[in-house]
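The values are calculated or read from the model by the stated rules, or taken from the named source; none is laboratory data. Keep in mind the model is a prediction, meaning the values are calculated, not measured. Here the Cβ positions follow ideal geometry from the backbone for every residue, glycine too, while neighbour counts run over all protein chains shown. The accessibility values were calculated without ligands, DNA or RNA, using every heavy atom of the protein model including side chains. Shrake-Rupley method; radii C 1.70, N 1.55, O 1.52, S 1.80 Å.
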2 protein chains.
Amino acid sequence: MMASELNLLQKKILTDGVIKPGNVLKVDSFLNHQIDVPFISELGKEFKNIFAHKKIDKILTIEASGIGIACLTAVYFGVPVVFAKKSAGSNMDTEVYTTEVKSFTHNKVNHVVVSKKYLNQGEHILIMDDFLANGCAVEGLMDLVSQAGGIVEGVGICIEKGFQGGGDALRAKGVDVRSLAIIDKMDAATGTITFR
Amino acid sequence: MMASELNLLQKKILTDGVIKPGNVLKVDSFLNHQIDVPFISELGKEFKNIFAHKKIDKILTIEASGIGIACLTAVYFGVPVVFAKKSAGSNMDTEVYTTEVKSFTHNKVNHVVVSKKYLNQGEHILIMDDFLANGCAVEGLMDLVSQAGGIVEGVGICIEKGFQGGGDALRAKGVDVRSLAIIDKMDAATGTITFR
């Protein structure tokens, strides 16, 4: 792929991303520790263009690293963001929807909760996150929307690790997953990234 | 205080905030669980006006509930946000600045970390958070900036619990703390809030 054919995020990954062994891509200089707000706002505009034809009432994400991209996208939709919270223990609070999300990075199961007040029947939801790998976080968020009787209009992802298959599994189920950069292959030894 | 004299956030607190026993103010309908992005963007604009005369290179906040207001303010400054991460255990990583923040809400000490790459000597930092009560989180963030050799230009807070004294203690040390709403008294029994 020629550099000129790459989109904003793909170019940024090539210039500022750092590939680490074990298929780890560090983008904490602009996406999930330091947030390059002017740049991420441009991605928010791209997501608005991608989902412009859909009715979106609310954006749902998960703490902590989804909040920045979700808020900076919500500016263009003029809608609220709800972020699901990770709770270490089982949460028996009847006032929340709860689901389980397995984290491979930290090798544990997080109970993820959203107050029942902030997800409602019939609401059109855009799910967003910074990364999609195996898809567990997105599936957990979809489960929360489903419990509330809402409609998942789409899933907006910054970086999808295509080789982990989570995005394609969701697409096979008919979910409208849109990722600004899908990585099909990365190699820490040579420092190369192959985008789909 | 007449309702007409109240600012945007103070009015919002009176209409949408819920006072709970134990001096708890729930604002999770618009600030720290659901984020009313168009409204919080207006607060971001207010912070830009308040700190317009200062040189701000970067906004520093702490995960998770500071990220929304920090990003939506950074849009107006055109600067990046860095969010400090809470780490359960002691973090001996030499690549991070670490400090301890006592959480009274959860009755534990969080080790709070920022990568050394994202706080630099001589940088002019605006610290932001959704709430300020005893001031421990802000003091922790100030400590991180100090370790990096940066300059804290100011502290921007949405809601300060004035009766807990953290904000005034910082002001007494010469820190430029600006809170959009300072609560001097709240009463769950009568549902009344007194703003400073």
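Residue-wise test of (1) part of a strand (DSSP E or B); (2) modelled with pLDDT of 95 or more; (3) in contact with a Phe, Trp or Tyr (Cβ under 7 Å, 6 or more places away or on another chain); (4) open to solvent by less than 40 Å² (accessible area, probe 1.4 Å).
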| residue | (1), (2), (3), (4) |
| --- | --- |
| B:92 | no, no, no, no |
| B:102 | yes, no, no, no |
| B:105 | no, no, no, no |
| B:109 | yes, no, no, no |
| B:127 | yes, yes, no, yes |
| B:138 | no, yes, no, yes |
| B:163 | no, yes, no, no |
| B:167 | no, yes, no, yes |
| B:170 | no, yes, no, yes |
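Please tell me if residue A:86 is at pLDDT 95 or above, open to solvent by 10 Å² or more (accessible area, probe 1.4 Å) and within 14 Å of chain B (Cβ to nearest Cβ).
Details: at pLDDT 95 or above: no; open to solvent by 10 Å² or more (accessible area, probe 1.4 Å): yes; within 14 Å of chain B (Cβ to nearest Cβ): yes.
The answer is no for residue A:86.
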Review point. Quick check: is even one residue across the range B:16-23 crowded, with 21+ Cβ neighbours inside 10 Å and either closer than 16 Å to residue B:131 by Cβ or among the acidic types (Asp, Glu) (or both)?
Key: yes
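Counting only residues that are part of a loop (DSSP other than H, G, I, E, B) and under 25 Å from residue B:120 (Cα atoms), which one in the range A:34-65 is farthest from the other protein chains (Cβ to nearest Cβ)?
A:65
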Point to revise | Filter pass, residue A:32 being closer than 22 Å to residue A:164 by Cα and either at pLDDT 95 or above or not acidic (Asp, Glu) (or both) | key: yes
Practice item. Tell me which of these residue B:85 doesn't satisfy, since it passes every other one: (1) in a loop (DSSP other than H, G, I, E, B); (2) under 30 Å from residue A:45 (Cα atoms). Key: (1)
Review point. Does at least one position in the range A:119-131 carry a residue that is within 30 Å of residue A:193 (Cβ to Cβ) and more than 14 Å from chain B (Cβ to nearest Cβ)?
Key: yes
Point to revise | Whichever residue in the range A:1-15 is without any contact (Cβ under 8 Å) to a residue 40 or more places away in the chain and open to solvent by 60 Å² or more (accessible area, probe 1.4 Å) and, among such residues, is nearest to the chain's Cα centre (by Cα) | key: A:11
Review point. What pairs come up if the first residue lies in the range B:103-119 and is more than 16 Å from residue A:64 (Cα to Cα), the second is outside any strand (DSSP E or B) and among the β-branched types (Val, Ile, Thr), and their beta carbons are under 8 Å apart, counting only those six or more places apart or on different chains?
Key: B:119/B:145
**Study point:** Residues that are part of a loop (DSSP other than H, G, I, E, B) and in contact with a Ser or Thr (Cβ under 6 Å, 6 or more places away or on another chain), drawn from the range B:12-32
**Key:** B:32
Exercise for review: State whether one or more residues within the range B:32-47 are at positive phi and over 17 Å from the mean Cα position of the chain (by Cα).
Suggested key: no
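Test residue B:115 against the criterion of being within 25 Å of residue A:26 (Cα to Cα), open to solvent by less than 40 Å² (accessible area, probe 1.4 Å) and either touching a strand residue (DSSP E or B) at 6+ places or on another chain (Cβ under 6 Å) or more than 9 Å from chain A (Cβ to nearest Cβ) (or both), and give yes or no. Write out each step before concluding.
Working: within 25 Å of residue A:26 (Cα to Cα): yes; open to solvent by less than 40 Å² (accessible area, probe 1.4 Å): yes; either touching a strand residue (DSSP E or B) at 6+ places or on another chain (Cβ under 6 Å) or more than 9 Å from chain A (Cβ to nearest Cβ) (or both): yes.
Spelling it out, residue B:115 is indeed within 25 Å of residue A:26 (Cα to Cα), open to solvent by less than 40 Å² (accessible area, probe 1.4 Å) and either touching a strand residue (DSSP E or B) at 6+ places or on another chain (Cβ under 6 Å) or more than 9 Å from chain A (Cβ to nearest Cβ) (or both).
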Exercise for review: Could you check, for the range A:148-159, whether at least one of its residues is open to solvent by 50 Å² or more (accessible area, probe 1.4 Å), among the charged types (D, E, K, R) and either in contact with a strand residue (DSSP E or B) (Cβ under 6 Å, 6 or more places away or on another chain) or part of a loop (DSSP other than H, G, I, E, B) (or both)?
Suggested key: no
Practice item. All but one of (1) over 15 Å from the mean Cα position of the chain (by Cα); (2) open to solvent by 40 Å² or more (accessible area, probe 1.4 Å); (3) at pLDDT 95 or above hold for residue B:50, so report the exception by its number. Key: (1)
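Could we say that residue B:70 is closer than 19 Å to residue B:130 by Cβ and among the aliphatic types (A, V, I, L, M) here? So that I can check it myself, show each step before the final result.
Working: closer than 19 Å to residue B:130 by Cβ: yes; among the aliphatic types (A, V, I, L, M): yes.
The answer is yes for residue B:70.
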Review point. Just checking, how many residues over the range A:26-45 are surrounded by fewer than 19 Cβ atoms within 10 Å (Cβ to Cβ) and in contact (Cβ under 8 Å) with a residue 24 or more places away in the chain?
Key: 3
